[in-house]
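J.: Below is a structure I'd like to ask you about.
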Amino acid sequence: MARPGRKWMVVLMTLYGRNWITLFGGAMAWTSAMLIVGLAILVVLDVSSSPYIGILAFLVFPGVFVGGLLLIPIGALWERFRTGKKAATSELGPFPVLNLNDVHTRHVVVAVIVLTGFNLLILATVSYQGVVFTESPTFCGKVCHTVMEPEFTSYSDSPHSRVACVSCHIGPGAPWFVKSKLSGLGQVVAVCLDNYERPIPTPVTNLRPSRDTCEQCHWPERFAGDRIKVLTKYGEDEANTPSKTVLLMHVGGGHGGGKGIHSWHINPEKRTLYTPVDSQRKEIARVRVENAKGETLEAFSAPEGKYDAAKLDQSKERVMDCMDCHSRPTHIFRTPARALDEALAAGRLDATLPFIKKVGLEALTNAKGAEGDAERIAGHVREFYEKEKPDVLVQHRDQVDLAVKGLEAIYRRNVFPDMKVTWGTYTSNLGHEDSPGCFRCHNDEMISKDKKAIGQDCTICHNVLAWDEANPKILTELDIQ
Ligand code: HEC
Ligand code: HEC
Ligand code: HEC
Ligand code: HEC
Ligand code: HEC
C-alpha cells in the first residue's frame, strides 16, 4: 500500500495532471494565490505607499487567479471530450460516474471540496480588499497620478485631508456605488486613450446631492451662531505693511429658523432653485424659492432680453446645496495675491524681506504654467534685488534664496501645467472677492415681479468690523492676536 503522502500526490495529479490546460490553470491559480498573499502582507505591513502594490494584489493577480481556476474545469471537460471521442460513446454517459465507495474517487472529491473552500476564502477576502482599495484616496488620487495631481495635491493640504475622496464623491449605498464604478471604468478608458479633458471640467455635473455626502458629517442642525474671520493682507511697499480685515460672519443655524447664511440657505422650507446660463454656473438667469411642498414663494429673473429665453434650458434648473457656495471645500486653489498673503502670515515667506510681496506677486502672476517657469521666478526675484536693492542681495542672500524656494512651492501647489490648471482655473463661490460667488444672485439686476431684488445689504451675511486697517481696535478689544 502507498504511503499517505504519496496517495494525496496521486489525487492532486488526478485533479491537475491529466492535461496541459488543467495543469497550466492550476499553476496560474497557485502562483497568483501565493503572490496575492505575499503582496497582501506587504500592504498590511505598510512597506510602501505605491498604489501599484494594491493594484497588483487586489485587481491584477485576482484576475489571473480566477482565470486559472476557470482553466481547471475547462481542461477537464476538454479531456473528457477528447477521450470520449476515442472510447465507445455508449460506455461513457454525459456525466461522470462518481463512485464514492472507491477510495481514490472519495479522496478526489474531498480534495475538490477543500480546495474550492480555500479558493472561495481567497476570492472573498481579495474582492472585499479590492473594493476597499478602489475606495481609498491612494487609488483615487495616485493611480492616475498626472490626471489627479491638482485635486490630490490640494486635497492633501486641506481641512478634509483625512476624509476619503469617496465620502464626498460617492457617499453610502449600493446605487451610487455601482454608478461610480461604471463611471470609473469610463474614466480609465479615457485615460488609456488619452482623450480626457484638461483641465477636468468643473462643476462635476453628476456629483451626488450634498445631503447624502457633506451632511453625513456636517448635519445642518449643528450649525449655529456667528464666526469671527480675520484676513491679513500685505502691502506692495518696501515694508510689506500688513493690514487686517475683520468680518463677523453670520453663519447661522440649520433648520431652526433664525437669521444667518445657513438658516436661510439650508432650510428645507426655503429651497433655492436656479437656472444657470453657462456650464460653469457663473452666470445665473433665474432664481426661485420654494417651500417643502414645492410651491413657489418668490421668483427673480434677469432683465427681459438679456438672455435668449428660448435658449435658457429650464431642465438645467438646479436645487442649490452646500456645493453651490462651498464649491472648493477641499480642492482649494488660490490667486497669487491670496497665496502670498497666507504664506507671509504663516511665516512660510519672510515678511521682513523688503518688497517681497511686490516682487513675489509679479513673479507668480507671470508664471502661468509654461516651460521654465521655476527658473523665471528665480530669475525675476534676483534681477529685481540686483537692480533695486543690491544691498539686500549682498547682506541677505540666503533670505532671498529661501524666498525663491517659498515662491516655487506656492507655484507648484497651485499651477499644474500637465493638466492646464493655472491661476483662476478653479475659483471658489464662497464670497465675492475672487469670483462673483454670492453676488451671482445677490445683485440688483435680478428682480421679482414687484421689483424686489435679492438682498445685497452687507450685514445680512456679515458685519465688516474692520476693513484693511493696520491695528483694528476690535481685535485689541477681543484680545485676538
Ligand atoms: C470634502 C469633500 C471632497 C473630498 C474629500 C474630495 N473631493 Fe473632489 N470635489 C469635491 C467638490 C465639492 C468638487 C467640485 C464640485 C463642483 O464644483 O461641482 C470636487 C471636484 C473634483 C474633481 C473635478 C475637478 C475640480 O477640481 O473641480 C476631481 C477630479 C476630484 N474632485 C477628485 C478628487 C480626488 C481624487 C479626491 C481624493 C484624493 C477628492 N476629490 C476628494 C469634494 C471633495
Ligand atoms: C467624512 C466626514 C466629512 C465629510 C463627508 C465632509 N466633511 Fe467637511 N469637514 C470634516 C472635518 C473633519 C472637518 C475639519 C474640522 C476642523 O478642522 O475643525 C471639516 C471642515 C469643513 C469646513 C470648514 C473648513 C475650514 O476652513 O475650517 C467646511 C466649510 C466643510 N467641512 C464643508 C464640507 C462640504 C461642503 C462637504 C461636502 C462636499 C463636506 N464638508 C464633507 C468632515 C467632513
Ligand atoms: C449660501 C451659501 C452656503 C451654503 C448653501 C452652505 N454654506 Fe456653509 N458656509 C457658508 C459661509 C459663507 C460660511 C462662513 C465661511 C467663513 O467663515 O469663512 C460657511 C461656513 C460653513 C462651515 C464652517 C462653520 C464654522 O462654524 O466653522 C461649515 C462646516 C459649513 N459651512 C458646511 C456647510 C454644509 C455642510 C452645507 C450644506 C448642508 C453648507 N455649509 C451650505 C455658506 C454656505
Ligand atoms: C450674500 C452675502 C454677502 C453680501 C451681501 C456681502 N458679502 Fe462680503 N463676503 C461674503 C462672504 C461669504 C465673504 C467671504 C468670507 C471668507 O473669506 O470666507 C465675504 C468677504 C468680504 C470681504 C473680505 C474680502 C477678502 O479680502 O477676502 C469684504 C471686505 C467684504 N466681504 C465686504 C462686503 C461689503 C462692503 C458688502 C456690502 C456691499 C458685502 N461684503 C456684502 C458675503 C457677502
Ligand atoms: C443661486 C442664487 C443664490 C446664490 C448663489 C446665493 N444666494 Fe443667498 N439668497 C438667494 C435668494 C433667492 C434669497 C432670498 C432673498 C429674499 O427673499 O429677498 C437669499 C437669501 C440669503 C440670505 C438671507 C437674507 C435675509 O434677508 O435674511 C443670506 C444671509 C444669504 N442669502 C447668504 C448668501 C451667501 C453668503 C451666499 C454666497 C456664499 C449666497 N447667499 C449665495 C439666492 C442666492
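J.: Can you name every one of the strands (runs of 3 or more DSSP E) wholly within the range 204-279 that holds 2 or more residues which are near ligand 3 (Cβ under 10 Å from one of its atoms)?
T.: Ranges flagged: 227-234, 242-249.
J.: Additional query: Among the candidates LYS233, LYS142, LYS181, single out the residue that is within 29 Å of LYS282 (Cβ to Cβ) and open to solvent by 60 Å² or more (accessible area, probe 1.4 Å).
T.: LYS233
J.: Taking interchain pairs and intrachain pairs at least six residues apart, which have beta carbon atoms under 8 angstrom, with the first residue in the range 444-466 and within 30 Å of GLU477 (Cβ to Cβ) and the second within 16 Å of ligand 1 (Cβ to nearest atom) and modelled with pLDDT of 95 or more?
T.: CYS461/CYS438
J.: Test of understanding: among GLU371, GLU445, GLU388, which residue is at pLDDT below 95, on the phi < 0 side of the Ramachandran plot and assigned by TED's automatic domain parsing to the domain that holds VAL289?
T.: Every option except GLU445 fails the conditions.
J.: Name the one entry in PHE300, PHE333 that is within 29 Å of the chain's Cα centre (by Cα) and among the hydrophobic types (A, V, I, L, M, F, W, C).
T.: Criteria check complete, one pass: PHE333.
J.: Taking the stated definitions as given, is THR272 farther than 24 Å from PRO203 by Cα and either without any contact (Cβ under 8 Å) to a residue 12 or more places away in the chain or open to solvent by less than 70 Å² (accessible area, probe 1.4 Å) (or both)?
T.: no
Listed here are the residues, each with its yes/no results for (1) touching a strand residue (DSSP E or B) at 6+ places or on another chain (Cβ under 6 Å); (2) within 28 Å of ARG413 (Cβ to Cβ); (3) among the charged types (D, E, K, R).
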| position | (1), (2), (3) |
| --- | --- |
| VAL97 | no, no, no |
| HIS107 | no, no, no |
| SER127 | no, no, no |
| MET148 | no, yes, no |
| GLU151 | no, yes, yes |
| PRO159 | no, yes, no |
| VAL166 | no, yes, no |
| LEU193 | no, no, no |
| ARG198 | no, yes, yes |
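J.: Sort through PRO159, PRO175 and tell me the only one that's outside any helix (DSSP H, G or I), open to solvent by 30 Å² or more (accessible area, probe 1.4 Å) and not aliphatic (A, V, I, L, M).
T.: PRO159
J.: Oh, and also: Select from the range 348-384 the residues that are open to solvent by 30 Å² or more (accessible area, probe 1.4 Å) and not in a helix (DSSP H, G or I) and list them in ascending order.
T.: ARG348, ASP350, ALA351, THR352, PHE355, LYS368, ALA370, GLU371
The values are calculated or read from the model by the stated rules, or taken from the named source; none is laboratory data. Fair warning: this is a prediction, and the values are worked out from it, not measured in the lab. In this analysis, Cβ positions are derived from the backbone assuming ideal geometry, glycine residues included, and neighbour counts consider all displayed protein chains. The protein model used for the area step is the full one, side chains on, heavy atoms only, and it has no ligands, DNA or RNA in it. Shrake-Rupley method; radii C 1.70, N 1.55, O 1.52, S 1.80 Å.
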